[in-house]
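One structure, as structure tokens, below. Some questions next.
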Amino acid sequence: MKPLQASSGDLNADRRADFAEMLLASGEPAQAAELLLGALELAPQWAAGWFRLGEMREVAGFLGQAAQAWTMALKLDPADRLGASLKLQLIGHAPAAAAPPSAFVETLFDHYADRFEESLVGKLGYRMPEVLDQAIRVARPGRFRLALDLGCGTGLMGERLRPIVDRLEGYDISASMLLKARAKGIYDQLSKADLQHFSRPGARADLVVAADVFIYVGALERIVGAVAESLVDAGVFAFSVETTAGGDDFALLPSRRYAHSEAYLRRVLAASGFSVLSLESTTIRQDRGEPVGGLAVIARRSMAE
């Protein structure tokens with residue numbers, strides 16, 4: 001329940017919820033769910049409690065009851081800061097959506113900001129900034145006049161880009177992540193932006209980077225088109241994705257991240273006037289001790305005819 005509103009506001013309900021967590025940790029999810037339901041009788045407006053009830057019921061194998069709990073969480077929090085709609089999609093109780101709720105992504109990273117680098121780099125072996133940096137330098141050696149770091153987070157990619165760019169701008173949906181990035185002093189400009197609706201007027205960049213960002217976007221047609229409009233002719237677009245094992249263009253994973261197929265990437269890039277310079281299979285990070293496979297892609301915007 002840490003992502004949002006860990007307390008119900010009712011002391012007795014909170015105590016029951018704490019006991020429910022202990023039961024879940026001891027391997028008794030059905031009993032945990034029953035106890036948490038009792039807590040929710042005392043605090044029926046507690047959206048985070050309903051969301052957690054859904055998770056407990058899911059672990060217990062009661063998917064229909066889990067769907068009921070997540071539906072209640074969504075009713076109490078229509079912005080869906082907890083991502084209940086994604087949970088419903090994953091168990092087949094809601095139609096597949098082309099993108100996650102923006103409020104879910106913003107909330108996730110606002111609450112993750114303080115431990116983001118320690119967790120991602122220190123524990124999960126995240127290495128996409130290094131991989132993309134090397135790929136960019138091979139594909140287009142030299143300096144860049146203006147680079148845009150989309151989904152810049154705390155500035156891990158920006159630290160790699162700073163030595164090779166004259167001006168560096170960062171964009172992220174999370175104000176807390178932007179505060180971390182600002183403290184590093186590596187960006188010339190930082191702005192809050194939802195990449196699902198991204199647009200940038202003014203001077204065009206000659207490099208746009210999105211490191212491990214599209215896993216929280218879903219369908220890529222709009223954002224790739226926006227990137228194309230933000231780049232000069234022959235500008236470079238560098239990004240990474242997780243890869244899907246199935247035949248779909250993209251798919252929502254149990255992690256509530258999106259994976260994309262290589263064929264889909266090539267088609268979307270071509271439709272927006274990009275040619276692929278390099279496409280490398282790589283490991284993005286570890287997840288529960290297993291490598292997460294992905295692609296590092298470098299593309300170039302075609303010259304206008």
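Taking the Cα atoms only, what angle lies between the long axis of helix 63-76 and the longest principal axis of the chain, rounded to 10 degrees?
Roughly 70 degrees, rounded to the nearest 10.
Follow-up. Using the reciprocal of the averaged 1/r over all distinct C-alpha pairs, how large is the Kirkwood radius of region 1-106 in Å? Don't skip to the end; give the middle numbers.
Working: mean 1/r = 0.0736 Å⁻¹.
It works out to 13.6 Å.
Same structure, new question: How much mean residue ellipticity at 222 nm does the chain get from its helices, if each DSSP H run of length 4 or more adds -39500 (n - 2.57) and you divide by all residues, to the nearest 500 deg cm²/dmol?
-12500 deg cm²/dmol
Please report how far the C-alpha centroid of region 26-53 lies from that of region 186-201, rounded to the nearest whole angstrom.
A separation of 39 Å, based on Cα centres.
On to the next question. If you look for lysine pairs in the chain that are eight or more places apart or on different chains, how many of them have Cα atoms under 18 Å apart?
4
Can you give the convex hull volume of the alpha carbon atoms of region 63-163 per residue, in Å³? Display every interim value, and only then the final one.
Details: hull volume 15.1 nm³, N = 101.
So the per-residue hull volume is 150 Å³.
At a 1.4 Å probe radius, carbon and sulfur cover how many percent of the accessible area of the chain?
Numbers: 7190 of 13820 Å².
That fraction is 52 percent.
Could you pull out every residue, at least 5 positions away or on a different chain, whose amide H is within less than 5 Å of the one on residue 152? Hs are placed 1.01 Å off N in the peptide plane, and Pro or chain starts have none.
171, 172
Moving to a separate point now. Over the chain, give the accessible area per residue in Å² for a 1.4 Å probe, as an integer.
Ligands and nucleic acids excluded, the result is 45 Å² per residue.
Turning to a different aspect of this structure: Just to be sure I understand: of the beta bridges DSSP finds with both ends in region 153-305, what percent are antiparallel, rounded to 5?
On the way: 22 of 33 bridges.
The antiparallel fraction comes to roughly 65 percent.
The values are calculated or read from the model by the stated rules, or taken from the named source; none is laboratory data. Being a predicted model, the structure only gives us computed values, none of them experimental. To get the accessible areas, we keep the full protein, side chains included, count just its heavy atoms, and leave off ligands, DNA and RNA. Shrake-Rupley method; radii C 1.70, N 1.55, O 1.52, S 1.80 Å.
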